[in-house]
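Right, one structure below, let's go through it.
The values are calculated or read from the model by the stated rules, or taken from the named source; none is laboratory data. Given the structure is predicted, the values throughout are model-derived calculations rather than measurements. We place every Cβ from the backbone using ideal geometry, glycine too, and count neighbours over all the protein chains shown.
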There are 2 protein chains.
Amino acid sequence: MSKSFVIKGNICQTITPSQLDLHEHAYAVCVDGVSEGVFDTLPQKYAHLPLYDYGDMLIFPGMVDLHIHAPQYAFRGMCMDLELMDWLNRYTFPEEEKYEDLAYAEKAYGIFVDALKKGATTRACIFATRHRYATELLMDLMEKSGLVSYVGKVNMDREASEALTEKNADISAYTTFGWINAVKDKYKNTLPILTPRFIPCCTDKLMEELREIQMAYGIPVQSHLSESKGEIEFVRFLRPDNEFYGDSYNEYDLFGKNDDINTDVKTVMAHCVWSSDEEVGLMRKNGVFVAHCPASNMNLTSGIAPIRKYLDLGLNIGLGTDIAGGHSESVFRAITDAIQVSKMYFRMVDESVRPLIFSEAFYLATMGGGAFFGKVGSFLPGYQFDAVVMDDSVLRHPQPLTLAERMERAVYLGLDEKNIAAKFVSGYNII
Amino acid sequence: MSKSFVIKGNICQTITPSQLDLHEHAYAVCVDGVSEGVFDTLPQKYAHLPLYDYGDMLIFPGMVDLHIHAPQYAFRGMCMDLELMDWLNRYTFPEEEKYEDLAYAEKAYGIFVDALKKGATTRACIFATRHRYATELLMDLMEKSGLVSYVGKVNMDREASEALTEKNADISAYTTFGWINAVKDKYKNTLPILTPRFIPCCTDKLMEELREIQMAYGIPVQSHLSESKGEIEFVRFLRPDNEFYGDSYNEYDLFGKNDDINTDVKTVMAHCVWSSDEEVGLMRKNGVFVAHCPASNMNLTSGIAPIRKYLDLGLNIGLGTDIAGGHSESVFRAITDAIQVSKMYFRMVDESVRPLIFSEAFYLATMGGGAFFGKVGSFLPGYQFDAVVMDDSVLRHPQPLTLAERMERAVYLGLDEKNIAAKFVSGYNII
């Protein structure tokens with residue numbers, strides 16, 4: 001299929017958080033991979049483009065997953081009776097050690113990439129492991145998939161199993177240089193992202209080296225922040241001079257914009273469940289993205305991030321599935337989880353913080369997280385043409401349904417690979 | 001398939017809440033629809049029975065759904081931005097009105113029963129609507145499905161839309177008499193259950209009449225209890241003389257055992273999110289079952305039922321999907337939801353109430369709710385032979401997995417109709 005075309009169907013998007021933007025039997029126009037907008041009647045100037053008519057199907061913008069661990073896909077939905085630090089030590093680190101073995105990595109990452117490709121996700125921020133070559137292998141597979149992603153070789157030089165810990169900061173940095181040089185110009189859709197695992201696993205010296213690497217290459221940053229109480233206590237112990245957890249990334253200029261030195265490091269931090277007002281203030285000032293991962297925060301008994309507060313403050317927020325803290329790679333599931341936990345926060349914690357409504361959570365999964373990738377997450381003119389076409393006819397019903405009802409139902413019931421008729425990323429048809 | 005046979009596979013059950021009971025490549029023996037137990041080696045005395053070998057598949061006890069509304073299946077996963085009372089008035093009551101029309105009921109209930117049959121549920125407590133003939137139609141369909149169920153024609157003579165409200169208590173009672181007489185001896189697997197919708201929808205006079213009906217026929221009772229704060233306030237207003245909500249069922253002898261008059265009315269109450277200590281004490285004393293419906297309690301912003309406390313007190317507890325407050329009819333999903341909300345209760349509300357672990361939630365979905373149906377929910381000798389055989393090979397993985405891991409993963413990832421190779425109810429093979 002050419003990168004300039006028209007698709008027709010029931011187009012469902014959120015161009016503001018507060019409401020759905022629905023167009024029945026309408027036209028979405030793609031020219032050179034970029035959206036020209038949605039039209040109820042096809043303008044004459046696009047009449048020469050190929051038209052793909054999806055009948056009564058649903059057309060959504062592609063889903064954006066701001067936080068997912070590729071090597072953890074193998075054990076999703078298992079070992080869920082533990083909290084974060086125990087879960088890392090008992091299950092996660094032993095599994096990630098295996099990625100030293102490229103044959104294992106190829107098998108495991110093959111399964112992961114295949115699942116991501118078949119689902120509704122079009123873009124993702126992905127953690128690999130600390131292993132350079134397995135990370136490159138993952139990037140090769142991601143590139144072949146047609147999805148767009150940032151992929152990070154993880155940096156970690158303390159506080160994990162011996163096999164998974166890099167010997168020291170120099171070796172970690174050296175490996176990271178080698179990796180970035182090897183991949184930075186290799187792919188079209190797969191870009192490197194600096195990935196300190198989290199403060200407990202990174203010595204001060206390593207953080208210092210990562211600052212240098214970031215400045216040398218200008219690549220974005222992803223990590224974890226204020227996920228669980230135990231983790232935060234540990235960070236306080238490890239870095240007593242930092243006022244709050246996020247400050248220990250900021251000290252190394254790995255936390256968004258920094259006006260003092262005139263840098264703007266695109267940064268996404270997963271979780272932010274227990275961020276203090278000061279931390280939230282700095283995230284806001286620096287434009288740091290929050291990757292809200294509600295399923296993971298439930299499964300690991302971390303807590304509930306007060307996303308309504310962050311929305312009201314104008315933070316950048318997207319959703320993450322956080323495989324395997326989260327057990328499903330479906331961003332649809334993350335949408336409904338985000339709504340559900342916000343309702344529990346409202347009811348059980350603070351009734352002044354009203355729950356998310358469906359349109360708001362859908363917005364987070366599309367334009368919210370999409371902003372990390374540029375103009376992504378809608379069919380507004382100038383946006384990357386990412387689309388998922390879904391056949392919801394498998395969901396039988398006795399009554400007529402509105403398009404709004406069908407949209408909500410498709411997300412709640414988690415239409416997935418078996419129901420996706422087509423998927424486009426920057427205008428490329430990858431399913 | 002005869003009702004006496006042996007099945008072979010990986011048998012996974014919980015015969016106590018605290019641990020899994022796992023048997024690799026073992027034999028479950030069914031004689032006349034009743035389990036003889038699980039054997040690692042097949043005893044000689046069963047060698048003459050037909051043997052069905054399911055290879056490396058998983059064999060679970062059937063799932064028990066203690067609370068589901070059949071007419072609400074049509075709008076599951078929609079209209080989820082409202083709380084209980086608004087949701088009832090704006091979506092639920094208008095949809096339930098349609099069941100006056102038997103053609104509509106046949107279409108809608110056909111879809112519902114088909115979904116239930118194809119999933120992992122083997123037994124259910126079902127709400128129909130207030131319409132007698134549509135309820136009988138649903139019972140016909142349930143009987144044909146081979147599933148075992150209690151089905152209730154709903155009683156409601158106030159506080160709903162005019163079309164859905166029965167004209168008065170006498171008409172409601174009269175219709176209920178007619179319905180019970182028509183169905184009580186008609187089916188093998190489908191039994192009537194008295195179903196006052198909830199106190200807000202039932203006048204005192206109606207409750208009085210339902211007491212008489214219950215005494216006349218000795219049938220069990222299902223209703224709703226202490227689901228949301230607004231509902232509880234309303235009940236307090238309607239029935240100021242009752243000390244707590246449950247007391248208003250108990251006053252009419254529709255709340256479990258009553259030693260004063262030497263009755264034992266098998267009763268299941270959905271939700272119990274906000275039950276007071278007195279209410280919990282009475283449920284315990286009377287042996288009332290709690291149908292814990294975590295998805296619904298999240299979706300309708302009701303709250304989190306403190307199931308750990310109820311377990312510790314020794315209450316009877318099962319799980320309910322509560323379609324369409326809950327959006328999925330999968331009891332597997334209810335298991336994981338129950339674990340997740342218990343983790344949120346622990347973390348956000350009271351850290352002295354430790355979360356449910358996987359085995360406990362699985363137990364609730366099998367032996368916990370199964371007790372409402374008699375000896376149901378395991379392969380222990382003397383239990384009804386309800387089994388679900390699942391092919392989890394669709395879930396690819398690079399590493400070897402233990403049976404415990406496969407069991408947990410199957411539940412978390414919601415293996416469903418597409419993965420069910422066989423299903424038995426009291427020894428009848430219905431899939």
Residue list for the stretch A:398-429, filter: assigned to a loop (DSSP other than H, G, I, E, B) and buried (at least 16 other Cβ atoms within 10 Å of the Cβ): A:Pro398, A:Leu401, A:Leu413, A:Gly414, A:Leu415, A:Asp416, A:Ser426, A:Gly427
Residues satisfying the stated conditions in the stretch A:99-109, i.e. in contact (Cβ under 8 Å) with a residue 24 or more places away in the chain and either closer than 21 Å to B:Leu413 by Cβ or in contact with a Cys (Cβ under 8 Å, 6 or more places away or on another chain) (or both): A:Ala108, A:Tyr109
Residue within the stretch B:217-225 that is small (Gly, Ala, Ser), touching a strand residue (DSSP E or B) at 6+ places or on another chain (Cβ under 9 Å), within 19 Å of B:Arg158 (Cα to Cα) and outside any helix (DSSP H, G or I) present: yes
Residue within the stretch B:339-346 that is farther than 20 Å from A:Ser328 by Cα, of a type outside the set (D, E, K, R) and within 14 Å of another protein chain (Cβ to nearest Cβ) present: yes
Contacts under 7 angstrom Cβ, first residue in the stretch B:178-193 being basic (Lys, Arg), partner outside any helix (DSSP H, G or I), 6 or more apart: B:Lys184/B:Pro192
Number of positions in the stretch A:349-374 that are in contact with a helix residue (DSSP H, G or I) (Cβ under 7 Å, 6 or more places away or on another chain) and of a type in the set (Gly, Ala, Ser): 2
Candidates B:Glu329, B:Glu351, B:Glu279, filtered to the one that is under 26 Å from B:Thr92 (Cβ atoms), charged (D, E, K, R) and surrounded by fewer than 24 Cβ atoms within 10 Å (Cβ to Cβ): B:Glu279
Given (1) of a type outside the set (Gly, Ala, Ser); (2) more than 11 Å from every other protein chain (Cβ to nearest Cβ); (3) closer than 18 Å to B:Leu415 by Cα, index of the condition B:Arg308 fails: (3)
Filtered residue count, the stretch B:145-162, keeping only those that are in a strand (DSSP E or B) and either in contact with a His (Cβ under 6 Å, 6 or more places away or on another chain) or of a type in the set (Ser, Thr, Tyr) (or both): 2
Whichever residue in the stretch A:400-431 is within 11 Å of chain B (Cβ to nearest Cβ) and in contact with an Asp or Glu (Cβ under 8 Å, 6 or more places away or on another chain) and, among such residues, is farthest from A:Gln19 (Cα to Cα): A:Leu415
B:Ser359 vs. criteria assigned to a loop (DSSP other than H, G, I, E, B) and not assigned by TED's automatic domain parsing to the domain that holds B:Pro17: no
Contacts under 8 angstrom Cβ, first residue in the stretch A:382-399 being closer than 16 Å to A:Leu147 by Cβ and more than 14 Å from chain B (Cβ to nearest Cβ), partner among the hydrophobic types (A, V, I, L, M, F, W, C) and in a loop (DSSP other than H, G, I, E, B), 6 or more apart: A:Gln384/A:Val376; A:Phe385/A:Phe379; A:Asp386/A:Val376; A:Ala387/A:Phe379; A:Val388/A:Ala120
Tally of residues being touching a strand residue (DSSP E or B) at 6+ places or on another chain (Cβ under 6 Å) and among the basic types (Lys, Arg) across the stretch B:1-58: 1
